[in-house]
Amino acid sequence: MTGAEYAFQEDASSTATDEQRRLAAVRRYAVLDTPPDGAFDKIASLAARIFDVPMATVAIVDGDRVWFKAAHGFQGVQEIPRDPALRAFPLGEDGPYVVTDSLTDPRTTGAPLVHGDLGVRFFAAAAITTADGHCLGTVNVFDTRPHHPTENQLAALQDLASLVMDELETRLSSLHTVAAERERRADAERLARTLQRTLLPPALPAVPGLHASAAYYPASADEIGGDFYDLFPLDDGRWAFFLGDVCGKGAEAAALTSLTRYTLRAAAIYDPDPCTALANLDAVLKGEHQGGSPRFCTAVFGVLDAAPDGCFTVTLAGGGHPPTLAIRAGGTVEPVSTVGGQLIGLLSDPHFVQVSTHLAPGDALLLYTDGLIEARTADGSLLGEEGLARHLSTHADRGADGLLAAVHKLLTDLGTGVSDDTALLALSVPHRRTSPPPQENR
């Protein structure tokens with residue numbers, strides 16, 4: 001055997017091993033041949049809207065086929081043969097893979113999707129890649145006309161592929177958690193709490209110039225609730241956050257919570273306007289209904305915009321949710337009300353209310369779900385918004401951590417009066433540090 005022959009054989013063996021490892025990763029995420037899912041359907045729909053094209057897919061590449069977890073604009077198509085000529089589902093690409101016009105691109109010579117009934121002229125793909133570097137598939141957009149996509153569109157396509165990977169990681173984590181708990185024959189309380197944690201971010205990110213804290217209080221030890229929250233960066237340097245409560249309890253509420261959270265994140269990539277984000281969520285929940293029981297929620301979605309002086313402008317939109325509370329540095333508690341905002345996913349043409357407020361150093365915001373204000377006091381009356389505001393106004397430490405400590409004490413004092421889950425998200429701007437006066441020379 002010559003040196004060249006040996007090198008070729010070695011390269012072929014290495015390629016085969018890499019493909020075996022990639023297919024093992026595909027199997028590990030247990031996504032092939034699973035039922036349609038609203039979270040992935042929404043990502044495909046957003047991809048088509050961002051590129052203004054009629055077709056988009058979330059595709060998982062198997063050994064001899066390309067299977068669509070979501071397919072927007074492909075009627076009745078669940079999978080296609082794996083076609084090396086088209087390479088519309090490229091593996092191992094560092095960035096977006098783009099064919100602006102398939103009829104003039106040598107990479108697509110003889111490709112069935114190009115020369116067949118669909119007549120694909122343009123496509124772009126972004127890889128769905130695991131943390132250890134294995135490509136599971138791609139998020140793709142297609143058109144029957146040539147296109148020259150913008151850099152922003154291609155960047156958004158990569159962001160959507162990252163969202164798909166995040167969702168797969170979350171679901172894999174949930175599967176592993178459930179399996180481990182069953183193996184240890186954990187009781188219902190431990191299993192429910194573990195599943196609940198998979199529906200919420202494990203930790204909030206650090207926002208420059210802001211303190212953030214969150215907490216979740218389940219009312220029942222053995223039942224999964226539907227409260228949710230999140231805080232995440234936007235591409236333009238701003239930050240988005242949301243908090244809400246889905247209808248129901250148990251596994252169905254957990255599935256709806258996951259769908260809601262990832263829909264709001266995906267919507268923020270397309271357009272972070274708070275009212276638009278809630279409108280996108282409303283459309284997704286109605287699509288999930290499809291003749292069954294209504295699936296609805298309440299939510300607040302906000303955007304934080306930092307100013308050079310250390311202050312923040314906060315833009316909020318609400319749908320059927322209790323008012324956010326602004327706790328000012330001087331001790332006053334002001335409701336930032338979105339009264340008039342209607343339930344998300346239930347009405348034919350809901351109205352959402354958008355407001356803005358200003359956070360100066362020493363100010364804070366508290367978002368909460370209605371389990372807090374519906375708690376019963378010692379005399380049997382509801383705590384209510386006014387009772388909560390009175391309690392917070394007497395608390396000395398008005399930073400994010402201090403607010404959550406104050407609410408924790410309140411919930412502890414109320415004890416059995418708490419009958420529903422409560423989620424909390426607190427955001428505060430630290431006081432400005434003052435420099436000590438210069439010492440006099442003696």
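We did not get these values from a lab; they are worked out from the coordinates using the rules stated. Keep in mind it's a predicted model, so treat the numbers as computed, not measured. So basically every Cβ, Gly included, is an ideal-geometry build from the backbone, and we count neighbours across all protein chains shown.
Quick notes on this one:
- Exposure proxy ranking, count of Cβ atoms within 10 Å, fewest first, for Ile60, Ile43, Ile269: Ile269, Ile60, Ile43
- Two-site FRET efficiency, Ala307 against Asp101, from Cβ-Cβ distance with R₀ of 45 Å, rounded to 0.05: 0.50
- Descending semi-axes in whole angstrom, ellipsoid equivalent of the range 219-321, from the Cα gyration tensor: 27, 16, 10
- Contour minus Cα-Cα distance for His148 and Lys409 (0.36 nm per residue): 88.2 nm
- Against the empirical 2.2 N^0.38 Å (N residues), the range 203-428 has a Cα radius of gyration ratio of 0.98.
- Taking a straight line from the alpha carbon of Lys69, these lysines sit under 22 Å away, with near neighbours fewer than eight places off in the same chain left out: Lys42, Lys286.
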